[in-house]
Amino acid sequence: MIPIRLCVTNFMCYGDDVPPLDFRSFHVACLCGDNGNGKSALLDAMTWALWGKARAKSDDELVHLGKADMSVEFEFALGGEHYRVIRKRTRPRPKRAGQPLLDFQIGGDGGFRSIAGNSIRETEQRIVEILRMDYDTFTNSAYLLQGHADEFTKKPPSQRKEVLASVLDLSRYDDLEDLARKRARVSQDREMVLASEVKAIDDELLHRDEYQGQLREIRDVLDELDRERKGAEDRVHVLVARKSELDAGRQQRDDADRRIRQAREAVASFEAQVKDRRQRVERHEKLLAAYDGEVGRIETRLAELVKTGEDLAGKRDLLQHTSNRLHFLQTTSAGLEGEGKELKEKIDMLAQEEARCPLCGTELGVDGRHRILASYQSQIEEKREAYKANEAEARSLEKKLAALQREVAQLERVEREGRAECDRKKDSLDRERGEAEDSLPGEREALKQGEEALERWQAALDEDSIRRASLESELAGLAEVESRLAEARRAQEDIASRHAAASSTLGRVQEKVQRCVTLERSRQDKRAELERILRDREVYEDLATAFGKRGIQALIIETALPEIEEEANRLLARMTDNRMHVKMESQRAYKSRRDEAIETLDISISDELGMRRYELYSGGEAFRIDFALRIALSRLLARRAGAPLSTLIIDEGFGTQDASGREKLVEAINSIQDDFDKILVVTHIEELKDAFPTRIEVTKTGDGSTIEVG
């Protein structure tokens, strides 16, 4: 993969007005700037665009502070093709998740066309397939991180194989070894279980002959019980048939009882109806016979009421005469009372000294006055006597009048009530006579029909009573039949119970026999499985040994060491004018036991002074060895991943080197520049900015970091 062009917008410390970085303008370049300005952020932009990975824990942390979204466009060349990756990210908003976007394109005559998958995951997988390199492979090969150059060489010899195994990603063989050992343990556990199960089956199959003998005995018992059950069923069948006949007779008797009850009820009902009809006929006939006599008595009573009316007329006349006389007396008494008052007034006038004649108005003398007074007194006495006589007679007449009024009222009431009673009786007699004359023919016909129905029901009652007596005699033996039938059924149930118990026992024994057959097949299957498990365990144990440190991993390391030596010596020869060579040994003999070897990884360096161990070197020479071995490891890893190592990014700590060391590092980089299409060196050391032909300056402004190529 060869970078061509990188364009970032709002990515980490970069804002939205950053010029694109064109890699085509240089072969070897120095990416420089103060710490924190954003040098490593550009490398993060490339890895994030390709694999969606960077130093941040989440994509949202990569978005420039205060911005809502970011994007990275990265173009690269591979295998003669021009590719472009566009990855974007929008921050999440309230009630809305963050929005990612990834597009993968390939260049052509008409521009770029998308070759992305149906999802971001598919597109990322397609990028990895084309690059033939994932993020971890890239960071361990093309991207030399700060402090990692001497990670391999500074380790003790006993730990260098572990570092080399980690670089070569041999941990998957450790996983396979663990998996094989787990499978071997599972096979061993299964082997123990199967052996125990086979032994248990063998123990149970020892009883197989015993189960066969029990099976024959139980079948003999069942045959005998079948014969007994057949005889019991025949006896029950005969008794059931006899009982069915008697039950039919009992049903007929019950039907006769029902008809007898019905007939008795009908006889009683018709007897009541006949009696009621007869009483109605007799009552109607009696009423018609007595009609004329009752009418005569009513006429006699009316004649008596006529005489009472004549007496009433006389009493009314006397009452009227007495009332007139009383009125006359009352009027006369009122007149006498008025005349008496006038005379009293005249006497009062004459009592005055100058009295005058009440007739002529002349003055009266004493004698005349006395004479007139005497005359007036005499008249007053006469009128008083007449008034008293009238009053006495009036009181007598009032008592007589009251008695006459009561007598007239009594006679009027007697006459009125008598005539009303006669009218009611006459109307009632006429109505009853009409009803009797209308109903009597029907009642006589109903009486005749009731008497005929009564005779029919009485005849049916007599017939059913005779039939019931005959059936009752036939049912005398029903109780004995039922008793014998119950006893036969109990015997049948006992035989059935014994038969069921024997059948159940037979089933259990058959199950045991069948289980023996099943166990025999299972024993064969388990023995076959046990043999297979034993073979599998041996295979898994062999695989665990093969995948272990002394197996495939040791073989891969042994195979890789010559490649690493060859590549490192090629680089060292270029950096030291063929003065230094590397020798790597994976085993070393014990001092005390020459027939055994120690697993190690010694690094020996030969120069003009001879062969020495790596630990005896320091300074610039050690750095060249570290750098050569690191580049050799990177190329080995890239080749094993199937990707050519065309680009080298060195983010090493130049600040940890003195002036001589930095000079040696620059020399080492320049010495290998022809092996790579692009080399990018990251540093913040001022004196190294001019050590390389192209400088990419990263500076920080108020709106964010920016880049300038010079």
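The values are calculated or read from the model by the stated rules, or taken from the named source; none is laboratory data. The model shown is predicted, which means the values in this text are computed figures rather than measured ones. Glycine also receives a Cβ, built like all others from the backbone with ideal geometry; neighbour counts cover every protein chain displayed. Surface areas here come from the heavy atoms of the whole protein model, side chains and all, with no ligands, DNA or RNA. Shrake-Rupley method; radii C 1.70, N 1.55, O 1.52, S 1.80 Å.
Separation of segment 403-461 from segment 229-252 is 68 Å, based on Cα centroids. In this rough spin-label picture, where each label sits 7 Å from Cα along the Cβ direction, the Glu204-Glu455 distance is 9.3 nm. Distance between the C-alpha centres of segment 500-526 and segment 35-67: 73 Å, rounded to the whole angstrom.
Once all protein chains are placed together, Asp223 keeps about 80 Å² accessible to a 1.4 angstrom probe. Computed across segment 200-254, the Kirkwood hydrodynamic radius from all distinct Cα-Cα pairs reaches 15.3 Å. Can you tell me the orientation of helix 478-547 relative to the chain, as the angle in degrees between its alpha-carbon axis and the longest Cα principal axis, to the nearest 10? The two axes meet at around 20 degrees. The charge dipole of the chain, taken about its Cα centre with unit charges on the Cβ atoms of Lys, Arg (+1), Asp and Glu (-1) only, comes to about 540 debye.
Only beta bridges with both residues in the chain are counted; by DSSP, about 75 percent of them are antiparallel.
Tally up the carbon and sulfur contribution to the accessible surface of segment 510-569 as a whole percent, 1.4 Å probe, everything protein left in place. Accessible surface attributable to carbon and sulfur in segment 510-569 totals 51 percent. Quick check: from the Cα gyration tensor, does segment 391-546 come out rounded (a/c under 1.5), prolate or oblate? Judged from the Cα gyration tensor, segment 391-546 comes out prolate (a/c at least 1.5, a/b above b/c).
Helix 120-131 and the longest principal axis of the C-alpha atoms of the chain enclose an angle of approximately 10°. Heavy-atom accessible area for Met12, with the other protein chains in place and a 1.4 Å probe, reaches approximately 50 Å². Starting from the Cα gyration tensor of segment 241-302, take the square roots of the eigenvalues, sort them a ≥ b ≥ c, and report rounded, prolate or oblate (rounded when a/c is under 1.5, otherwise prolate if a/b is larger than b/c, else oblate). Judged from the Cα gyration tensor, segment 241-302 comes out prolate (a/c at least 1.5, a/b above b/c). How would segment 458-567 be classified by its alpha-carbon gyration tensor: rounded, prolate or oblate, with rounded meaning a/c under 1.5 and the a/b versus b/c comparison settling the rest? In terms of gyration-tensor shape, prolate.
In the context of the full protein assembly, Asp60 retains an accessible surface of approximately 40 Å², using a probe radius of 1.4 Å and ignoring ligands and nucleic acids.
Could you state the angle between the C-alpha long axis of helix 366-474 and the longest principal axis of the C-alpha atoms of the chain, as a value from 0 to 90 degrees rounded to the nearest 10? For 366-474 against the chain, the angle is about 60 degrees. Between Arg172 and Glu520, the C-beta separation translates, for a Förster distance of 41 Å, into a calculated FRET efficiency of about 0.35. Estimated from the Cβ-Cβ distance and a Förster radius of 45 angstrom, the FRET efficiency linking Lys426 and Ala392 is about 0.30.
In this structure the chain gives 58 Å² per residue of accessible area when probed at 1.4 Å with all protein chains present.
With contributions of -39500 (n - 2.57) from each DSSP H run of at least four residues, the per-residue ellipticity at 222 nm computed over the chain stands at -24000 deg cm²/dmol. Between Glu61 and Glu265, residue separation times 0.36 nm minus the direct Cα-Cα distance comes to 62.6 nm. Could you list, in their original order, any pairs among Lys315/Lys425; Lys286/Lys307; Lys307/Lys399; Lys307/Lys425 whose Cα atoms are separated by more than 24 Å? Violating the 24 Å Cα-Cα cut-off are Lys315/Lys425; Lys286/Lys307; Lys307/Lys399.
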